[in-house]
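The values are calculated or read from the model by the stated rules, or taken from the named source; none is laboratory data. Bear in mind the structure is a predicted one, so any value in this text is a computation, not a measurement. Note that we place each Cβ from the backbone using ideal geometry, even for glycine, and neighbour counts take in every protein chain shown.
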């Protein structure tokens, strides 16, 4: 079962996040075989982490909940909230299998929520820019709640166009980048 996990940082938690960085990475090492994608959500300066995204293939919802709530940053209070949803990997690959993209490597999390329950098609002209893509699903694994995409794009407006305009009640675009220890 594939899951989308989006932790959003609590205001003022950057120092605590930095102190826990090695604990966070060591914890994620335990899930390396399950990782589809991971990385920080970034502020507009493209350096300051303000959240984290993890896409994982785990055996069941209980394991996914354990992953989310045992994570060191969560336990220490770095995060203000967590979105944990079933997800389907429509590209069938991991971020490590993504071919090289834009030279400046602007990467984004694009999150479209409701109301359209149908699957979001992947536009052929944008497929090469998608790092990860798929529907957010309810706990039943079939009801679609939205779509997420991790993408490379020249800017936030171009990233927004990865999902069909006007299709969602809410559309969020956030800077995002590959996670892990430097050199991984």
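For the reader, a short list of remarks on this structure follows.
Let's see how each residue does on (1) at pLDDT 90 or above; (2) surrounded by fewer than 18 Cβ atoms within 10 Å (Cβ to Cβ); (3) in a loop (DSSP other than H, G, I, E, B); (4) outside the structural domain of residue 30 (by TED's automatic domain parsing):
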residue: 133; (1), (2), (3), (4): yes, no, no, yes
residue: 136; (1), (2), (3), (4): yes, no, no, yes
residue: 141; (1), (2), (3), (4): yes, yes, yes, yes
residue: 146; (1), (2), (3), (4): yes, no, no, yes
residue: 158; (1), (2), (3), (4): yes, yes, no, yes
residue: 163; (1), (2), (3), (4): no, no, yes, yes
residue: 166; (1), (2), (3), (4): no, yes, yes, yes
residue: 170; (1), (2), (3), (4): yes, yes, no, yes
residue: 182; (1), (2), (3), (4): no, yes, yes, yes
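- Within region 133-150, tally of residues that are in contact (Cβ under 8 Å) with a residue 60 or more places away in the chain and in contact with a strand residue (DSSP E or B) (Cβ under 6 Å, 6 or more places away or on another chain): 6
- Residue within region 62-79 that is part of a strand (DSSP E or B) and farther than 20 Å from residue 134 by Cβ present: yes
- Among the residues examined, residue 113 qualifies as in a strand (DSSP E or B), more than 21 Å from residue 181 (Cβ to Cβ) and in the same structural domain as residue 135 (by TED's automatic domain parsing).
- Just one of (1) in contact (Cβ under 8 Å) with a residue 40 or more places away in the chain; (2) part of a helix (DSSP H, G or I); (3) surrounded by fewer than 12 Cβ atoms within 10 Å (Cβ to Cβ) fails for residue 25. It is (3).
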